[in-house]
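The values are calculated or read from the model by the stated rules, or taken from the named source; none is laboratory data. This is a predicted model, so every value here is computed, not measured. A quick note on method: Cβ atoms are made from the backbone with ideal geometry, for glycine too, and the neighbour counts reach across all protein chains shown.
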Amino acid sequence: MTIRPLNYGRHQIDDSDVQAVVDALRGDLITQGPIVERFEAAVAERVGARHAIAVSSGTAALHIGCLAAGVAAGDMGVTSTLSFVASANAVIYCGGQANLLDIDPDTLAITGDGVRNYLAGAPETKVVIPVHFGGLATQSAEIRQAAGSRFVMEDAAHALGGDHACGTPVGSCKYADMAVFSFHPVKSITTGEGGVVTTNDADLARLLRQLRTHGIERDADRMQNLDAALEDGQRRTWYYEQQLLGFNYRLTDIQAALGLSQLAKLD
């Protein structure tokens, strides 16, 4: 008998996905265009969050999420022992220390009691990153309560389309400040590579958008050098400010077009 290996990263692409990408390629913009905004809006609507920020990978989403949470040198974050390396690495990228919390063998995830016991010995922890492993939602309400005022960022890379125990969608941020999705080919939908951060906090959303695009600000109301920014009270169209150190973590319109097509088939 011939044994055929199962490709872990095997994607499912049909003719409608191909056509969506072709249409994007024939459009006026292939990056930073309107399809990315449409994809963000569609993801936000699907999970019931106010904001969705599309980025180049799930790892990028975790990274800017930790930065937005204020993780810096000397800070600590905690995540699950059962996850891809990116969940912990995102804390380390920011100069922090990533600690690992063991899982419940029945749920394959960290628990509220586990978080509470951990924080009793490490109260200075800045961010808690529960992982919805294999699409199974964690004890989200219990973890949120145990975390107290600390940032909670759900690693929902496996869980697009899943629900919390209460029935609300994973990614709605009912129990978290942010949630992160991945669109690697092994995930529920794919954009080739890509990710999204969802949040209900407008200030967090603005900061996340800045961080994914070099720390650049284009909003005239937020300019720091008004003499350079404004002419006759209006922002000069060419003017922008880099107000913090950010990254090129943008998703392209080509990828977003594939994501929109895939999202329509999620259920």
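Sort through Ile92, Ile13 and tell me the only one that's surrounded by fewer than 16 Cβ atoms within 10 Å (Cβ to Cβ) and touching a strand residue (DSSP E or B) at 6+ places or on another chain (Cβ under 8 Å).
Exactly one of Ile92, Ile13 is surrounded by fewer than 16 Cβ atoms within 10 Å (Cβ to Cβ) and touching a strand residue (DSSP E or B) at 6+ places or on another chain (Cβ under 8 Å), namely Ile92.
Residues in the stretch 91-103: is at least one in contact (Cβ under 8 Å) with a residue 12 or more places away in the chain, assigned to a helix (DSSP H, G or I), in the same structural domain as Met153 (by TED's automatic domain parsing) and farther than 24 Å from Leu266 by Cα?
Yes.
Okay, residues lined up against (1) of a type outside the set (Ser, Thr, Tyr); (2) more than 21 Å from Gly195 (Cα to Cα); (3) in contact with a strand residue (DSSP E or B) (Cβ under 6 Å, 6 or more places away or on another chain):
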{"site": "Met1", "(1), (2), (3)": "yes, yes, no"}
{"site": "Val21", "(1), (2), (3)": "yes, no, no"}
{"site": "Leu29", "(1), (2), (3)": "yes, no, no"}
{"site": "Ile35", "(1), (2), (3)": "yes, no, no"}
{"site": "Ala52", "(1), (2), (3)": "yes, no, yes"}
{"site": "Leu62", "(1), (2), (3)": "yes, no, yes"}
{"site": "Gly96", "(1), (2), (3)": "yes, yes, yes"}
{"site": "Leu108", "(1), (2), (3)": "yes, yes, no"}
{"site": "Arg116", "(1), (2), (3)": "yes, yes, no"}
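Looking at the stretch 110-122, which of its residues are of a type outside the set (Gly, Ala, Ser) and closer than 21 Å to Ala90 by Cβ?
Ile110, Val115, Tyr118, Leu119
In the stretch 219-246, how many are modelled with pLDDT of 90 or more and assigned to a loop (DSSP other than H, G, I, E, B)?
Going through the stretch 219-246 one residue at a time, the tally reaches 4.
Would you point out which residue out of Asp163, Asp253, Asp221 is not assigned by TED's automatic domain parsing to the domain that holds Ile53 and not aromatic (Phe, Trp, Tyr)?
That would be Asp221, the only listed residue that is not assigned by TED's automatic domain parsing to the domain that holds Ile53 and not aromatic (Phe, Trp, Tyr).
Taking Ala141 as the residue in question, decide whether it is assigned to a loop (DSSP other than H, G, I, E, B) and hydrophobic (A, V, I, L, M, F, W, C).
no
Just name the residue that is nearest to Arg250 (Cα to Cα) out of those in the stretch 1-20 that are β-branched (Val, Ile, Thr) and not in a helix (DSSP H, G or I).
Ranking the qualifying residues of the stretch 1-20, first place goes to Ile13.
How many of the residues in the stretch 119-136 are modelled with pLDDT of 95 or more, part of a loop (DSSP other than H, G, I, E, B) and either surrounded by fewer than 16 Cβ atoms within 10 Å (Cβ to Cβ) or out of contact with any Cys (no Cβ under 9 Å at 6 or more places or on another chain) (or both)?
Counting residues in the stretch 119-136 that are modelled with pLDDT of 95 or more, part of a loop (DSSP other than H, G, I, E, B) and either surrounded by fewer than 16 Cβ atoms within 10 Å (Cβ to Cβ) or out of contact with any Cys (no Cβ under 9 Å at 6 or more places or on another chain) (or both) gives 6.
Restricting the search to the stretch 21-56, which residues are outside any loop (DSSP other than H, G, I, E, B) and under 12 Å from the mean Cα position of the chain (by Cα)?
Answer for the stretch 21-56, where residues must be outside any loop (DSSP other than H, G, I, E, B) and under 12 Å from the mean Cα position of the chain (by Cα): Glu40, Val43, Ala44, His51, Ala52, Ile53, Ala54, Val55.
For Ala179, work out the one condition from (1) in contact with a Phe, Trp or Tyr (Cβ under 7 Å, 6 or more places away or on another chain); (2) buried (at least 16 other Cβ atoms within 10 Å of the Cβ) it doesn't fulfil.
Status for Ala179: all satisfied but (1).
When you go through (1) in a loop (DSSP other than H, G, I, E, B); (2) touching a helix residue (DSSP H, G or I) at 6+ places or on another chain (Cβ under 7 Å); (3) of a type outside the set (A, V, I, L, M); (4) buried (at least 22 other Cβ atoms within 10 Å of the Cβ) one by one for Gln262, which number turns out not to apply?
Answer for Gln262: the failing condition is (1).
Gln139 - would you say it is in contact with a Gly (Cβ under 9 Å, 6 or more places away or on another chain) and either hydroxyl-bearing (Ser, Thr, Tyr) or surrounded by fewer than 19 Cβ atoms within 10 Å (Cβ to Cβ) (or both)?
Against the criterion (in contact with a Gly (Cβ under 9 Å, 6 or more places away or on another chain) and either hydroxyl-bearing (Ser, Thr, Tyr) or surrounded by fewer than 19 Cβ atoms within 10 Å (Cβ to Cβ) (or both)), Gln139 does not qualify.
Of (1) within 18 Å of Ala156 (Cβ to Cβ); (2) not in a helix (DSSP H, G or I), Ala73 satisfies all except one. Which?
Going through the list (1) within 18 Å of Ala156 (Cβ to Cβ); (2) not in a helix (DSSP H, G or I), Ala73 breaks only (1).
Please work out if Arg116 is modelled with pLDDT of 95 or more, closer than 23 Å to Gly161 by Cα and assigned by TED's automatic domain parsing to the domain that holds Ile254.
no
When residues of the stretch 182-202 are filtered for being surrounded by fewer than 24 Cβ atoms within 10 Å (Cβ to Cβ), in a loop (DSSP other than H, G, I, E, B) and of a type outside the set (Lys, Arg), how many remain?
Number satisfying all stated conditions: 9.
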